[in-house]
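What follows is a single structure, written as structure tokens, with notes after it.
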Amino acid sequence: MPERQPAEMVTITIDGAAVEVPAGEMIIKSAEDSGTYIPRFCYHPRMKPVGMCRMCLVEVETPRGRILTTACNMPAAEEMIVDTQSEVVQKAQEGILEFLLINHPLDCPVCDKGGECPLQDQTVAYGPGESRFVEEKRHYEKPIPLSDLVLMDRERCILCARCTRFSEEVSGDPLIEFVGRGYSTQVITFPDEPFASYFSGNTVEICPVGALTAKPYRFKARPWDLDAIESVSMVDSSGASVSIETSQNEVVRINGIDNDKTNHGWLSDKDRFIFQAIHSDERLMTPMIRNEAGVLHAATWGEALDLVADQLGSVRGDEVASIGGANSTNEEAFALSKFLRTVVVTPHVDAQVGDSLRPELLVGLSNRAEIDDIDLADTILLWAGDLKEEFPSLYLRVRHAVTELGAKLIVVHPRRAGLDDVATLTVRYRPGDGGEVLRKLASNDEKYAAARNLLSEGKVTAIVGLPGRTEDAALPEAVAAYANSLPGAKILPLARRGNVFGALDMGLAPTLLPGRVHVGNAAGRAELESHWGPLPADAGRDTNGILAGLVSGELKALLMVGADPVRDGRDPREARRALSSADFVVSFDMFLNDSNQYASVILPVDGFAETEGSVTNVEGRVQKVNRIVPGPGQSRALWSILDELSVRMGGQLGAGNAAAIAKEIATVAPAYRSFNWDRIEWGPERDGVVMPDGDGVQPLQYEPSDPGLKAAGGRLTLHFGRVLYDGGTRIAHSPSLAALAPDPAVHLHPRDASALALSDGQIVDVVGDEASLHLPLRIDATMAEGAAYIPANLDSTWVFGATQVVSIANAGGGE
Amino acid sequence: MSFPLILTQRMIDHPADSHLIDVYEGAGGYDVMRKVLSGMTPEQVVAEVKSANIQGRGGAAFPAGIKWGFLAPAEPRYLVVNGDESEPGTFKDRQLLERDPHQLIEGVIISSFALGVNHAFIYIRGEYPKPARRVQQAVEAAYAKGHLGHNIMGSGFDLDVTVHLGGGAYICGEETALLNSLEGLRGEPRLKPPFPAVEGLYAKPTIVNNVETISNIPWIIDNGGEAFAAIGDENSVGTRLFSLSGHLKKPGNVEVPMGLTWRELIYDIGGGIRDDRELKTWVPGGASAPWFVPEHHLDVKVTKDDVAHAGSMLGSGAVIVMDETTNVVAAAHRIVKFFAHESCGQCTPCREGTTWLENILWRLLNGAGRQSDIELLLDICDNISPGLAWPPKMTTICPLGPSAVSPITSIMTHFRDEVQAMVDLAAEPASA
Amino acid sequence: MTLAAVIPDWTSPNQERARKLLDAYPERRSAVMPLLYLAQLEHGHLTDSGMTQVAELTGLTPAQVQAVASFYTMYKRDHVGKYLISVCTSISCFLMGSDEVLTAVEEESDALDGTTSADGTFSVEHVECIGACGGAPAVQVNYELIEGVTPEKGKALCQWLRDAAPEVVLTDEMQELFGGVRSFDWGSKEAEGAVAPVPAFGPYGSAKREGRS
Ligand SMILES: Cc1cc2nc3c(=O)[nH]c(=O)nc-3n(C[C@H](O)[C@H](O)[C@H](O)COP(=O)(O)O)c2cc1C
Ligand code: SF4
Ligand code: FES
């Protein structure tokens, strides 16, 4: 566990009662923690105080006498005496409320915030009755859109600066600001510059009144009709805590929960609005079987499971493989792992889709960082994908560490990344040259002396991952090895998919058994065999090996569990070849996709908000996820499907329910010995518990290596990096997000563009080995020279999957 | 009473061109700088300023030497000269900037040396282009002579001076709003603490002083702090530039020693009331100050403490005189309107309260007053400045909001019958 | 991107001024206010594209620049006439009859308070205290000051501006022709004045009138 400097404690008196609080803590917080709620509008515990609304006035005894002051920016000091209830205070607070209300419309009954509005609540609690204001209220045109997601009703705004502070201070997108001054101040964007922030929804959540509203929620429900349940977002593996809110069995809103360890209450708009996919009309409702003519038709569960059991039973266990499971809960992943290893009896199991780091690196490090280590670092080394695009919650944490806590940040990336603005140093390199950059950084090359100096002092937290899809997993491994050599460094290796770390921990990896036990660890395997019976002794194939095995015919059947290797994998063509070569493919999914069009059987599974269980995030923190709505139609929980399938295959999974599986995990998975739902569902460990290091994984050795990506003959190496809003299934089925995917373009450094005689905006042909694209050119001075950047995961670009080197030429036909 | 004209003697001696560097140097200008850079330590300079006991001339009258003593040791540090002068009734800094910019620059050099500052800023309100031109030209002349820039007079001391123009916002006179403005932000006052001396411009230790305060520095160092402290009254020393305006025979700036009575200032110095009318009331220290009336205040002394005891302040040294013909409700409305217009908008009570007050006064003036408005006005004032005491308690970050209370409490205290008469007029059916 | 590429439409002296301003402060952001004056000088008023240019020069978002610009009254978001006439109506000027001066100026200029005359010659505004209370009532033309203005002189001033149409307005010249009581002795005359309705400060819109000292 990361240690923190314990704050010096002081004793202060609040309304006559002595309390011990950390010195320098704001009185508003000290009071709240000791049971006295001081009313407030502008104060937000995660942002710097501005003392603007003046609602939190209290009286404090000072050597210069009793003063009236705002509690939100008054730091606690020894022997301070605070009065939150005096007549002066009460009169002043009533006055403030009256001032706020004189220009605030009284449209609570139709306001989205009605029922959960502090202004409304406090008016009832403290406010004056009759209005003494006979003048005309301030008038503005009714709600105006600030972006595709957020609307602003300026009449309701109380100018608390929470939204503007969030955008500027927390997310670093100062796109909404105060305009005008005094009585005519308002919050607005610049003309034709919408509030296009990945984090815009947070402003809606923290707006204390109904001034900011989210289009996907507007008029959907009234707060008093909502049911809410805590859960964890599974958009990425950062483990952001959320509250899922439903009205009449429909998820209508997701809000952030302030988890001190993960998201600090913030969510990306993707986390927040992707719930729309849950209720998409295109969700799979019944099992489907493909007939001789290749047409899918609905089937009963009985028919479908008989067919699957029959097909899987007709080949050798080790001719069956499974891809996926990273979007399932730990309990589902565990059931799948057990099903594959004990009922099917195959080692060819991979939760990843061939586009990430080795599982041993992801979950096997002994100096693996927690997210909090970002806060504790003196220097953060970030050599991974663009966090803003791939890991928005971590982006905010790193940004916070740099801007508020003073950490130094080194960003190594082929082009401008979201954190460059706050970075102390940025290093750009052409994909393919990463190994060389690393060697120079690690040696005493002059060019990297400044970076080396930062890394050699104090605490270092290294965040490593694949910067883009053309780069080899050997690069992040080598970076991790280098970081490992720095004294006191901690390493946070990244993989993106929702519960990929849980899936690996549950043994959905070709080299790992449940609980981070390496298959080569004989004692560990024997221990598991004592529960499960005999297990395959060798490591299995990873996804790329599985696809190759299907093509070569060594493998016959494939399970895809929430996986779409055609779209998500390293090489779409190879994936298609593999899927069409397979004798039998069964897909467990929520939607039809590019891969399960090759499946003979498709089984509808419950997804996010429909299943109960646990998930494990990027740092190994286990948290509880909950079920608040039933899955659509006949969809079922994965574990229950597998349980029934086992019976049909003459096996015994024994997965009576998710809670029972959780108990079994704690019994057989060494790293999860201390795991139980009660621990993480209630009480002090609600923020989740980081599972200790596994004992079965061998210490890892890395050699800096060169990924060997070379571009000769005027060709450019490709940087194929992910963007937040993609053409993926869930976004495609969330109408409010689907439109936000950027238009594709190919980016070149100005010198490369001029060498090729190309100009900005012109349409070019980008030719790779296997595919070519027609894209507009962006001249981008933030690019490394010799590289071309194309967003990797857009509808029009993902087909470029396996491409590493491209040539670019004028498409002809002018602009 | 005999006293030296510390600030304005050179303007009298050189009525045409006191602003030129040659004239300034011809009259001994920049000699104090030479004396300081060649023979004094920063500590000695600070000690003189402390012993001079000069109170800041920007409004709050905080002793400059004590403020300088608060400057935190971190580097770099900055000196910012406050030339935003926007308090209604005030135009003294304008004269100092226009007529004797080198006196200010010499003060800046000496002060910067004393404070360990290598970059000073002179913030001048945007509506003062001529003063800004004069100061900019003077800065350039000083650079040309080597009085500014690198290694001044071979002393090893470096100083750059940047002249910055405001954009039209009274609140930027408040020192932390001024710093925000100088940083390229909205001119909104900051929460205090931290005070500028600890975290000011770019979060570095910063001293903010008024133009007049810094213009006094060369004389103080030349003649010694004690000589300065010997002028005027014991609790407010030195001379001060007062801006006289309103219904006076002789409006304009005057430099006088502290400690005259208001009677002397208004009748002797200001020439008395135009057309020999009766004095009705006056604002003793800029629009923010509660008003004085002849019945009670003519013999009060013009010092910080005497004025404070009488319930007002000397503020920016602006004396606004109103004669018997003045409609005091209209005058109060004008002042409240000013504060409503200049509120930065951060604090709820200031943003909403000042505008509400302005609207009610407007109604009163236009025959739509109600009896309840009198209590309402006072209660709104009470919600901006609890207790309506002096010095004001505040529900706001800075004193701008409570400043709007002063004219209202003033008319309610001294001229309530006139306010009541307006309400009564509204109650009567309009006659055709 | 080079500075000239961000402000290609600015005159080269103004590009040079912009370059100097960006160097005059320890942090680039501090140059935002002076750069806004230059943008306004270039475009006649502060346009969206002017704010976008200043944003690029200072590394801010246009929204941040707009937040700053809109805080201050001297950055004009709408078209401003050739002569911006600002009549002070704050307390000291009010006591000395400024409201009548404003009315007279409105009549003669054909521009009501807060508007621009149809022919684009005048914009008229009432303003808060401009620091000339000892010479109340006070008026500014393109921020060049005249003290002691009467309603009649206010009208005469408008006529003169319309007829003489000076390219550079000089405070001393106008004071002599249309002014009265002064706050203090102004001393010798200045040859510099305003060329546009932005402050005529060395780095912004000032010029010397030819043929004068
Ligand atoms: C609303 C407000 C307006 C102010 N305006 C000015 C001003 O125009 N000029 C000035 O020097 N000080 C002004 N001050 C005072 C400054 O905050 C600060 O106290 C002063 O510049 C310090 O200089 P001094 O110590 O030399 O007086 C103002 C204060 C407030 C609250
Ligand atoms: S929109 Fe909401 S969050 Fe933003 S300033 Fe207004 S009230 Fe505060
Ligand atoms: S909560 Fe303290 S001023 Fe708003």
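Looking only at helices (runs of 4 or more DSSP H) that lie completely in region B:346-411, which have at least 3 residues being among the aliphatic types (A, V, I, L, M) and either more than 27 Å from the chain's Cα centre (by Cα) or more than 8 Å from every other protein chain (Cβ to nearest Cβ) (or both)? Show your work before the answer.
Details: elements: B:348-365, B:372-384, B:400-403.
Passing ranges, in order: B:348-365, B:372-384.
Anything in region B:54-83 that is touching a strand residue (DSSP E or B) at 6+ places or on another chain (Cβ under 6 Å), within 13 Å of another protein chain (Cβ to nearest Cβ) and farther than 18 Å from B:THR8 by Cβ? List them, or say none.
Hits for region B:54-83 are B:TYR78, B:VAL80.
Taking A:GLN120 as meeting all but one of (1) more than 9 Å from chain B (Cβ to nearest Cβ); (2) in contact with a helix residue (DSSP H, G or I) (Cβ under 9 Å, 6 or more places away or on another chain); (3) within 16 Å of ligand 3 (Cβ to nearest atom); (4) not in a loop (DSSP other than H, G, I, E, B), write down the number of the exception.
(3)
Check every one of the helices (runs of 4 or more DSSP H) wholly within region A:299-393 and list those with 1 or more residues that are under 20 Å from the mean Cα position of the chain (by Cα) and modelled with pLDDT of 95 or more.
Where helices (runs of 4 or more DSSP H) fall fully within region A:299-393 and carry at least 1 residues being under 20 Å from the mean Cα position of the chain (by Cα) and modelled with pLDDT of 95 or more, they are A:330-338, A:372-376, A:387-390.
Might you check whether a residue that is modelled with pLDDT of 95 or more, outside any helix (DSSP H, G or I) and more than 14 Å from chain A (Cβ to nearest Cβ) occurs anywhere in region B:326-338?
yes
Given the structure, is C:ILE85 over 16 Å from the mean Cα position of the chain (by Cα), in contact (Cβ under 8 Å) with a residue 12 or more places away in the chain and buried (at least 20 other Cβ atoms within 10 Å of the Cβ)?
Against the criterion (over 16 Å from the mean Cα position of the chain (by Cα), in contact (Cβ under 8 Å) with a residue 12 or more places away in the chain and buried (at least 20 other Cβ atoms within 10 Å of the Cβ)), C:ILE85 does not qualify.
If I filter region B:217-244 down to residues being small (Gly, Ala, Ser) and over 12 Å from B:MET258 (Cβ atoms), which single residue comes out as surrounded by the most Cβ atoms within 10 Å (Cβ to Cβ)?
Selected residue: B:SER243.
Going by the conditions given, is B:ILE109 within 12 Å of ligand 1 (Cβ to nearest atom), more than 30 Å from B:HIS341 (Cα to Cα) and either under 22 Å from the mean Cα position of the chain (by Cα) or in contact (Cβ under 8 Å) with a residue 12 or more places away in the chain (or both)?
No; evaluated as a whole, the condition is false for this residue.
Tell me which residues, restricted to region A:139-152, are under 30 Å from the mean Cα position of the chain (by Cα), surrounded by fewer than 18 Cβ atoms within 10 Å (Cβ to Cβ) and assigned to a loop (DSSP other than H, G, I, E, B).
Hit for region A:139-152 is A:ASP148, nothing else.
If the requirement is being among the β-branched types (Val, Ile, Thr) and without any contact (Cβ under 8 Å) to a residue 60 or more places away in the chain, which of these qualifies: B:VAL117, B:VAL135?
Sole residue among the options that is among the β-branched types (Val, Ile, Thr) and without any contact (Cβ under 8 Å) to a residue 60 or more places away in the chain: B:VAL135.
Condition first: in a helix (DSSP H, G or I) and either within 16 Å of ligand 3 (Cβ to nearest atom) or without any contact (Cβ under 8 Å) to a residue 40 or more places away in the chain (or both). Now tell me which residues in region B:177-204 satisfy that.
Here is the first cut: in region B:177-204, the ones in a helix (DSSP H, G or I) are B:177-182, B:201-203.
The answer is B:ASN180, B:ALA203.
Within region B:287-306, track down each residue that is buried (at least 21 other Cβ atoms within 10 Å of the Cβ) and in contact with a helix residue (DSSP H, G or I) (Cβ under 9 Å, 6 or more places away or on another chain).
Hits for region B:287-306 are B:ALA287, B:SER288, B:ALA289, B:PRO290, B:TRP291, B:PHE292, B:VAL302.
Restricting the first residue to region A:154-177 and requiring it to be within 14 Å of chain C (Cβ to nearest Cβ), which pairs with a second residue that is at pLDDT 95 or above and within 16 Å of ligand 1 (Cβ to nearest atom) meet a Cβ separation below 9 Å and a spacing of at least six or different chains?
If the second residue must be at pLDDT 95 or above and within 16 Å of ligand 1 (Cβ to nearest atom), the pairs left are A:LEU159/B:GLY345; A:LEU159/B:GLN346; A:LEU159/B:ARG351; A:ALA161/B:GLN346; A:GLU177/B:ARG186.
Which condition does A:GLY210 not pass, out of (1) at pLDDT below 95; (2) more than 30 Å from B:HIS341 (Cβ to Cβ), if it passes all the others?
(2)
From (1) crowded, with 24+ Cβ neighbours inside 10 Å; (2) more than 22 Å from the chain's Cα centre (by Cα); (3) acidic (Asp, Glu), pick out the condition that doesn't hold for B:GLU342.
Every condition holds for B:GLU342 apart from (2).
Which number in (1) surrounded by fewer than 21 Cβ atoms within 10 Å (Cβ to Cβ); (2) among the basic types (Lys, Arg); (3) in contact (Cβ under 8 Å) with a residue 40 or more places away in the chain marks the one condition that A:ARG66 misses?
So A:ARG66 meets the others, but not (3).
Could you tell me whether A:THR189 is within 11 Å of chain C (Cβ to nearest Cβ), of a type in the set (Val, Ile, Thr), assigned to a helix (DSSP H, G or I) and within 29 Å of A:ALA423 (Cα to Cα)?
The answer is no for A:THR189.
Hey, which of the strands (runs of 3 or more DSSP E) in region A:32-91, taking only ones fully inside, have at least 2 residues that are within 16 Å of ligand 2 (Cβ to nearest atom) and within 10 Å of chain B (Cβ to nearest Cβ)?
Answer list for region A:32-91: none.
A:ILE96 passes all but one of (1) more than 10 Å from chain B (Cβ to nearest Cβ); (2) among the β-branched types (Val, Ile, Thr); (3) more than 13 Å from B:LYS393 (Cα to Cα); which number fails?
So A:ILE96 meets the others, but not (1).
To keep it simple, each residue is scored yes or no on (1) in contact with a strand residue (DSSP E or B) (Cβ under 6 Å, 6 or more places away or on another chain); (2) under 23 Å from B:GLN95 (Cβ atoms); (3) not basic (Lys, Arg).
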| position | (1), (2), (3) |
| --- | --- |
| C:GLY154 | no, no, yes |
| C:GLN159 | no, no, yes |
| C:ARG162 | no, no, no |
| C:LEU170 | yes, yes, yes |
| C:GLU173 | no, yes, yes |
| C:GLY193 | yes, yes, yes |
| C:PHE201 | yes, yes, yes |
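Do we have B:VAL46 as assigned to a helix (DSSP H, G or I), under 22 Å from C:THR171 (Cα atoms) and away from ligand 1 (no atom under 14 Å from the Cβ) here? Lay out the reasoning, then the answer.
Numbers: assigned to a helix (DSSP H, G or I): yes; under 22 Å from C:THR171 (Cα atoms): no; away from ligand 1 (no atom under 14 Å from the Cβ): yes.
For B:VAL46, the condition - assigned to a helix (DSSP H, G or I), under 22 Å from C:THR171 (Cα atoms) and away from ligand 1 (no atom under 14 Å from the Cβ) - is not met.
Do we find a residue being part of a loop (DSSP other than H, G, I, E, B), surrounded by fewer than 16 Cβ atoms within 10 Å (Cβ to Cβ) and either among the β-branched types (Val, Ile, Thr) or touching a Phe, Trp or Tyr at 6+ places or on another chain (Cβ under 8 Å) (or both) anywhere in region B:61-76?
Checked against the condition, which is being part of a loop (DSSP other than H, G, I, E, B), surrounded by fewer than 16 Cβ atoms within 10 Å (Cβ to Cβ) and either among the β-branched types (Val, Ile, Thr) or touching a Phe, Trp or Tyr at 6+ places or on another chain (Cβ under 8 Å) (or both), region B:61-76 yields at least one hit.
I'd like the full set of residues that are near ligand 2 (Cβ under 10 Å from one of its atoms) and within 12 Å of A:LEU151 (Cβ to Cβ), limited to region A:198-212.
Hits for region A:198-212 are A:THR203, A:VAL204, A:CYS207, A:GLY210, A:ALA211, A:LEU212.
Considering every residue within region A:199-212, establish whether at least one is within 14 Å of chain C (Cβ to nearest Cβ), within 16 Å of ligand 3 (Cβ to nearest atom) and surrounded by 23 or more Cβ atoms within 10 Å (Cβ to Cβ).
Checked region A:199-212: no residue is within 14 Å of chain C (Cβ to nearest Cβ), within 16 Å of ligand 3 (Cβ to nearest atom) and surrounded by 23 or more Cβ atoms within 10 Å (Cβ to Cβ).
Residues checked against (1) surrounded by fewer than 23 Cβ atoms within 10 Å (Cβ to Cβ); (2) within 13 Å of ligand 2 (Cβ to nearest atom); (3) closer than 30 Å to A:GLN85 by Cα:
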{"position": "A:CYS117", "(1), (2), (3)": "yes, yes, yes"}
{"position": "A:SER131", "(1), (2), (3)": "yes, no, yes"}
{"position": "A:LYS137", "(1), (2), (3)": "yes, no, no"}
{"position": "A:ARG154", "(1), (2), (3)": "yes, yes, no"}
{"position": "A:CYS163", "(1), (2), (3)": "no, yes, yes"}
{"position": "A:SER167", "(1), (2), (3)": "no, yes, no"}
{"position": "A:GLU177", "(1), (2), (3)": "no, yes, no"}
{"position": "A:GLN186", "(1), (2), (3)": "yes, yes, no"}
{"position": "A:ALA196", "(1), (2), (3)": "yes, no, no"}
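The values are calculated or read from the model by the stated rules, or taken from the named source; none is laboratory data. For clarity, every value in this text was computed on a predicted model and none was experimentally measured. Glycine gets a Cβ as well: all are built from the backbone with ideal geometry, and neighbour counts include every protein chain shown.
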